[in-house]
């Protein structure tokens, strides 16, 4: 009897060792909008008061000592020499230079080859803007002061604007640029002379706040005509950034719309209130609650807020214009009531103050996709937003010739039995595979998890089905038989 008990203990010890060997969590991607960088508050409920978004890392940048700079927020890699071309150039010249850039040029010793560098799209270029500073609206390497001409970039001319690879679709002879002196986003004629920064990919999956794709899908020549995308290096060809979920938006049936790209919840009626001054709009939105604006979402005063500049700009679809908002599915321009209504192709106020002159606030033009400034005392449109715990269903399926169970942390899935459960959108769910006696866990359907018995999954906008494969284990059964009846 004692021999049998000891044999059973040995078996369970062996099984525990096997489980520990395979039990290694996989990494998941959390997609969130970063903070603007504004630290000072100028009114209750403004950007500096709430500081919504992913906290900016310190240090913000890392000098790789090979002619490149690593952005720890977005994981993008930038060319450190901001004056690589030694002059202002037109849009096509900037695109062409990016395609030819390689190790040995512009101070590079990073081993890069032609085709790895590109002219950044407008969301990548705008990701550098820091609303806590002005002249320039860009932080230094550490992130605690405004940038200088040599920190973090070399030879940076802050007085000029910088090209993006993104075309303005309603006027394709123009491309988007960023004015780093003020932090504005605007458009310039492609034939004009501007400066150029260059960027290449980092690890998107591990970024604290990866840049969203612009959604631009077409390519244009320098005078605005359509052209084939292949080999252009334009935004429409490369389509860099975190791709859009399908659908992009969902009508919650309670006066609110969920944005599955950002995880934010917007008021369906984008023009519920009359135009107001900046301070008045902040107060109005802070007091918004169920019963107003066709809301039946159980919200109370303080749940809603005026979006900061980055939250408001996240709505923009650079494949559309007037308005630059997509439909619910994300495959076309906004239509009346799909998903929003009363959308105005005009400037909307954000809760972000311009650091260079605090009597001005940031605005986003919903028609032409530009980021502008407006005096706080003038009246404007505003579009309330709030945080929300959005749930999406996660499913598990047990497959293979063997048997086993899959359980989740947080609790909800215990399969077979309960093989699906709702979890918060963009949250991490840990799935653990537990093989039955005589079986072994083989692999997950998620490539990143492979044969590890614990798999971490990020809950996405669409229902996901994760498969766990178990197989029969004759070797283990043989051990059991040998030890139990020896």
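The numbers here are math on the coordinates, done by the rules we state, and not lab data. Note that this is a predicted model, so its numbers are computed, not measured. Counting neighbours? That spans all protein chains shown, and the Cβs are built from the backbone with ideal geometry, glycine included.
May I ask you to sort 205, 471, 370 by Cβ crowding, counting other Cβ atoms within 10 Å and putting the fewest first? Working shown, then result.
On the way: 205 13, 471 17, 370 20.
Ranked by crowding around the Cβ, least crowded first: 205, 471, 370.
Roughly how tilted is helix 2-22, in degrees to the nearest 10 and between 0 and 90, from the longest Cα axis of the chain?
Helix 2-22 sits at roughly 20 degrees to that axis.
Report, for the chain, the % of DSSP beta bridges that are antiparallel, rounded to 5.
Working: 70 of 82 bridges.
Around 85 percent antiparallel, to the nearest 5.
Which of rounded, prolate or oblate describes segment 248-385 when judged by the alpha-carbon gyration tensor and an a/c cut-off of 1.5?
Oblate shape, in that a/c is at least 1.5 and b/c is the bigger or equal ratio.
Taking the Cα centre of each part, how many Å lie between segment 44-69 and segment 400-419?
40
Taking the number of other C-beta atoms within 10 Å as the exposure measure, put 71, 65, 387, 157 in order starting with the fewest. Before the final figure, lay out each step's value.
Details: 71 23, 65 9, 387 12, 157 16.
Going from sparsest to densest Cβ surroundings: 65, 387, 157, 71.
To the nearest 10 degrees, how steeply does helix 91-100 sit against the main Cα axis of the chain, on a 0 to 90 scale?
Once rounded, the angle reads 40 degrees.
Going by alpha carbons, how many degrees (0 to 90, nearest 10) lie between the helix axis of 474-484 and the longest principal axis of the chain?
40
Fewest Cβ neighbours within 10 Å first, please rank 113, 270 accordingly.
Numbers: 113 10, 270 23.
Placing the least packed residue first, the sequence is 113, 270.
Add -39500 (n - 2.57) for each DSSP H run of 4 or more in the chain, then divide by its residues: what number comes out at 222 nm, to the nearest 500 deg cm²/dmol?
Values: 8 runs with 69 residues, N = 486.
About -4000 deg cm²/dmol.
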